[in-house]
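Chemist: Here's a structure for you.
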Amino acid sequence: MTAKSPPLRPDPEYLQAFATIMSRVEKALGAKRPAKPVTACVAGGAALHFYTGTRISKDINARVMARVLLDPQDLQVAYRGEDGHARLLYFDTQYNDSFALLHQHAYDDALPIPLEGVDARRLVVKLLRPLDLAVSKLARFSEQDQLDIRTLAQEGLLEATKLRSRALEALPDYVGNLDRIKTSIDIACRLVAAAAARQQVSSRRPRTKAAKK
């Protein structure tokens, strides 16, 4: 899948905390430089925030493509949010994508991002692209997952036909109830189509002229 890279807009303080955690993941790889960079692919609310600037997640769901011992106590950083309140961001070492719906090329197609303090020669940090991020939310498909898919659609990052196609291509590798997830695909595509329709209506509305002084 080739797709234009969308702009990223994370909260600056969140981005700094995120980069700090990923730099610690890099250090956990050991002092010796690996023969090729290890990939850490980010999903969940963290990836959503990078794309939309909304819903700041407390945890980082990421798959590290190497056997590495991670200390949960070392992978948490306090920072101050836009509202001035203290927040905590942590790397979820228990994250498991085994039961998610994932396209077989999702990690290969993921978007690499540069991070201050992270040596890309040792660790490449990637984000699931919006389409694969939406597909990954179809297995659980909670109220929050549906809201996340709607948010991606409202930002113009999803199309219903592409979402359906990508999800159906991922089904052969899915471990779970196929009838249930096919229903989730149908509902998600309706959500995306509805968001697109609202955008079209909004864009067609004539702009009101400013009142003359």
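Chemist: Determine the distance separating the Cα centre of the range 91-135 from the Cα centre of the range 26-56; give it in Å without decimals.
Modeler: Centre-to-centre distance over Cα atoms comes out at 6 Å.
Chemist: For the range 48-99, state which trypsin sites (Lys or Arg not before Pro) are in a DSSP loop and have at most 11 other beta carbons lying within 10 Å of their beta carbon. Kindly include the intermediate steps, with their values, before the conclusion.
Modeler: Values: sites: R55, K58, R63, R67, R80, R87; in loops: R55, K58, R67.
Filter output for the range 48-99: R67.
Chemist: If you average 1/r over all unlike Cα pairs in the chain and invert the result, what Kirkwood radius do you get in angstrom?
Modeler: Details: mean 1/r = 0.0541 Å⁻¹.
After inverting the mean inverse Cα-Cα distance, the result is 18.5 Å.
Chemist: What percent does the relative contact order of the chain come to when contacts are Cα pairs within less than 8 Å and at least six residues apart?
Modeler: Working: 316 pairs, mean separation 44.9, N = 213.
Across the chain, relative contact order equals 21 percent.
Chemist: Something else about it: With the dipole of the chain worked out from charges on the C-beta (+1 for Lys and Arg, -1 for Asp and Glu) around the Cα centre, which of G156, L123, G176 lies farthest toward the positive end?
Modeler: My answer, from the dipole projection, is G156.
Chemist: Follow-up question, since we're still on this one. May I ask you to compute the full-extension gain from L69 to H105, defined as 0.36 nm times their residue separation minus their alpha-carbon distance, rounded to one decimal in nm?
Modeler: On the way: separation 36, 0.36 × 36 = 12.96 nm, distance 2.59 nm.
Here the segment from L69 to H105 would lengthen by 10.4 nm.
Chemist: With +1 on the Cβ of every Lys and Arg and -1 on the Cβ of every Asp and Glu, and nothing else charged, how large is the dipole of the chain about its Cα centre, in debye rounded to the nearest 20? If you can, show how the numbers build up before the last one.
Modeler: Numbers: 33 positive and 24 negative charges, 205 e Å.
I would put it at about 980 debye.
Chemist: With n ≥ 4 as the cut-off for DSSP H runs, can you work out [θ] at 222 nm for the chain, using -39500 (n - 2.57) per run divided by the number of residues, rounded to the nearest 500?
Modeler: Values: 7 runs with 87 residues, N = 213.
Calculated mean residue ellipticity at 222 nm is -13000 deg cm²/dmol.
Chemist: Which of L101, L69, L131 ends up with the largest GNM mean-square fluctuation for the chain, with Cα atoms connected below 10 Å?
Modeler: Of L101, L69, L131, the most mobile in the Gaussian network model is L69.
Chemist: At L88 and V201, where each label point lies 7 Å from the Cα along Cα→Cβ, what is the point-to-point distance in nanometres?
Modeler: Each label point lies 7 Å from its Cα, and together they span 4.3 nm.
Chemist: Hey, for a label at S142 modelled as a point 7 Å past Cα toward Cβ, could you say which residues of the range 39-55 have their backbone N under 11 Å away?
Modeler: Only 45 pass the distance filter.
Chemist: With axes computed from alpha carbons, what is the tilt in degrees of helix 12-28 against the longest principal axis of the chain, rounded to the nearest 10 within 0 to 90?
Modeler: Tilt relative to the chain: about 40 degrees.
Every read-out reported here was derived from the displayed coordinates using simple, explicitly stated rules and does not represent laboratory data. Bear in mind the structure is a predicted one, so any value in this text is a computation, not a measurement. All Cβ positions, even for glycine, are placed from backbone atoms using ideal geometry, and neighbour counts span all protein chains on display.
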